[in-house]
Each structure stands twice: as C-alpha cells, then as structure tokens.
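Enquirer: Okay, handing you the structure first.
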Amino acid sequence: MIRAYGLTKRYGEKTVVRDLTFTVRPGTVTGFLGPNGAGKSTTMRMLLGLDAPTSGRSTIGDRAYASHPAPLRQVGALLEARSIHPGRTARAHLQALAHTHGIPRRQVASVIDRVGLGEAADRRVKGFSLGMGQRLGIAAALLADPATVILDEPVNGLDPEGVLWIRNLLKSLAAEGRTVFVSSHLMSEMAVTAEHLIIIGRGRLLADTTVEQFVRDAGLGEITVVSPEADRLRALLAGPDVRIEAADGRPDTLRVTGADGERIGRTAAAHGIPVFELTPRRASLEEAFMELTRDAVEYVAHDDDPTTPQPTPTSQHATASQGAAT
C-alpha cells in the first residue's frame, strides 16, 4: 500500500506539488493522471526517496521507502527507462542488480522471459529501441518480485502488441494482490487498464475515485431522443437554456442538451408523443479528464479565431529532472 500525507514540494518560489494526500491500495491498478507539469513525476520521486518533500511524508508498505532494508524487494519502480549503462547487455544489467540486492540469478532469466526480451538479452543496451528499453526497465522493476510496482509512462515507445502486453501485465500484477501505481497520458489505455484514479493538476489533488464513478459523474448532459414526432417534441422542449440538434441523416433523432431525461419524458408523455429511445451520452475517460483539468493545463494551444475566448496561460512550473528508481 502507498500512502501520501500532505506531500508538498517547492523549488525556489515555485510549488510543484501542494499538500497531496492519497492512498493507493493493493489488488487494483491505480492510474496517476494529470496534465504536463501537474507534478506527477515529482510526486513519484518523493514516494521513492529521490526528492525530499518540502513538507509532508509518504510510506510504502507502512514505512518510508528509504527505511526498507531491501527496498527493491518491496518496491519495483520505473521512472526513466534509459538510466542504464549503454555498454551493458540487458542480461548483465539485470544480473548486476540481482547481485547487489541478494536476488537469486534465476530471477533474471524469469523476468527476461516475462517481458519478452529473450532474443535481445545479450545485446548491448545502446542498440535498444525505446520500446525495448521500456521492457528492460520493467524487467528491472519486477526483478525482486516486489509487493508494490510504480511505473511512470510505461507504454512510451511500445507498439500495439507491446501496449496490449503491458495492459495485461498490470492487470495480472494487481490480480496477484500487488499495489500497482502507473502514470500515463494515454486516456484510452487507462480507461481499459485502471480501476482507480488519482488525478492532479498544478500539484493539487483533483480527484481520487474509481474510473467508473469518475466517468459517470462527468456526464456530458447530452441526451439522444428518438421519436417519430421529433419536430413536435423539439418545439415543446425549446427554451433559452436548451440546445437541440438533429442527428445527421436521421429526422427522427434529436440530441438534447440542457433538459434532463425526466423532463423530456414527461413532456413527451403529456402531449402523447411516442419516444422510442431516451439515452444519456456517457463521457469517455478522455472527455471527463479534459473537463476536469481544463483550468489546470500548463500550456494552452490557441484557436486561430481571435474572437474565441482563451484561458489565461499559466506560468511554467519548475520540474525535477528524471532519474532511475530501480
């Protein structure tokens, strides 16, 4: 289990993490989301003792990471896949880690097979693609069979087969009862991989909830209505706060925003209008995330239309440099 208690990190006058408190529980994949500059990597570095918090504290397995006598056995982490000597082979890198942590050598062969690097294990790392480097970093994180796994953007550089592999791997690790904490910018992947979400913006906690609840609560407020008397229903629902659009090529279908399903249903019933479908549109994880974080982005792409209102740009946050955590 991972616990953060009021984690705060400042670099000079810039506060990049602000009073973060959350719990990551075992047995589920927890996604760690936020816009660029939100403080995700800095938070992960503080969890792993690579950055000292300005205030607050964190524990992994009920104690600070640095206080574990054999931390690699407790926590397997990947923050930067390229933090490996380029002249070493993948096997030599893993064997060195195993030797320095008292891990049986048979574990090296086991994780090489698990991450699919069997044919590349004796090649020098400097010739690895980004995806192969990711696989090696994940192998190092799993080397000591840890109870907790922390991965920062693990799907970077992976091809579709690799993305599917990491998805199934994360789910299998959680099913084994491990604590799995993973950051990603790929909302579509988090939607099918994670069960719980920790979302931050500008260093602050924005959401701590399940994926299902987060998406349900987002709601887009749009309802699809199918009726053979769509034009008549449209006239009855019209109002200053109601937007009604006809579905392309379907004269019997309306998309209504600003009126809930109960109001639409009661209006139709009161005027004897048959309704064949009344379906709220469910937001995607990406849409829900963008809605939640729209005021917490660090850089905003401006519309070409000068009349379009734009959010006020925020100042750039200082960020910690990436480093290895294996």
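Enquirer: Of all residues in the stretch 59-82, how many are in contact with a helix residue (DSSP H, G or I) (Cβ under 8 Å, 6 or more places away or on another chain), assigned to a loop (DSSP other than H, G, I, E, B) and either surrounded by fewer than 17 Cβ atoms within 10 Å (Cβ to Cβ) or without any contact (Cβ under 8 Å) to a residue 60 or more places away in the chain (or both)?
Expert: Result for the stretch 59-82: 2.
Enquirer: Go through the stretch 243-258 and give me each residue that's touching a strand residue (DSSP E or B) at 6+ places or on another chain (Cβ under 9 Å) and on the phi > 0 side of the Ramachandran plot.
Expert: Passing the criteria: only Gly258.
Enquirer: Looking at the stretch 244-258, which of its residues are within 32 Å of the chain's Cα centre (by Cα) and either loosely packed, with under 11 Cβ neighbours inside 10 Å or not in a strand (DSSP E or B) (or both)?
Expert: Result: Gly258, single match.
Enquirer: Here's something else I'd like to know. Which ones in the stretch 62-101 are touching a strand residue (DSSP E or B) at 6+ places or on another chain (Cβ under 8 Å) and at pLDDT below 85?
Expert: Selection gives Glu80 alone.
Enquirer: Mind listing just one residue for me: the one in the stretch 136-153 that is without any contact (Cβ under 8 Å) to a residue 60 or more places away in the chain and crowded, with 23+ Cβ neighbours inside 10 Å and, of those, farthest from Ser110 (Cα to Cα)?
Expert: Leu136
Enquirer: So, of the residues in the stretch 29-58 that are among the polar types (S, T, N, Q) and in a strand (DSSP E or B), which turns out to be farthest from Glu212 (Cα to Cα)?
Expert: Of everything passing the filter in the stretch 29-58, Ser55 is farthest from Glu212 (Cα to Cα).
Enquirer: Here's a follow-up. Just name the residue that is surrounded by the most Cβ atoms within 10 Å (Cβ to Cβ) out of those in the stretch 215-241 that are in contact with a helix residue (DSSP H, G or I) (Cβ under 8 Å, 6 or more places away or on another chain) and among the aliphatic types (A, V, I, L, M).
Expert: Val225
Enquirer: Give the residues of the stretch 110-139 that are touching a helix residue (DSSP H, G or I) at 6+ places or on another chain (Cβ under 6 Å), under 22 Å from Gly31 (Cα atoms) and assigned to a helix (DSSP H, G or I), sorted by residue number.
Expert: Scanning the stretch 110-139 gives Gly131, Leu136, Ala139.
Enquirer: Can you find a residue in the stretch 272-283 that is free of Cβ contacts under 8 Å to residues at least 12 places away in the same chain, assigned by TED's automatic domain parsing to the domain that holds Glu229 and surrounded by fewer than 15 Cβ atoms within 10 Å (Cβ to Cβ)?
Expert: There is at least one residue in the stretch 272-283 that is free of Cβ contacts under 8 Å to residues at least 12 places away in the same chain, assigned by TED's automatic domain parsing to the domain that holds Glu229 and surrounded by fewer than 15 Cβ atoms within 10 Å (Cβ to Cβ).
Enquirer: Please verify whether Gly177 is surrounded by fewer than 17 Cβ atoms within 10 Å (Cβ to Cβ) and small (Gly, Ala, Ser), treating the condition exactly as stated. Spell out the reasoning first.
Expert: Details: surrounded by fewer than 17 Cβ atoms within 10 Å (Cβ to Cβ): yes; small (Gly, Ala, Ser): yes.
In short, yes.
Enquirer: Taking the stretch 89-139 on its own, how many of its residues are out of contact with any Asp or Glu (no Cβ under 8 Å at 6 or more places or on another chain) and either small (Gly, Ala, Ser) or on the phi > 0 side of the Ramachandran plot (or both)?
Expert: 14
The values are calculated or read from the model by the stated rules, or taken from the named source; none is laboratory data. Because the structure is predicted, anything quoted here is derived from the model rather than measured. As a convention, Cβ positions derive from the backbone with ideal geometry for all residues, glycine included, and neighbour counts pool all protein chains shown.
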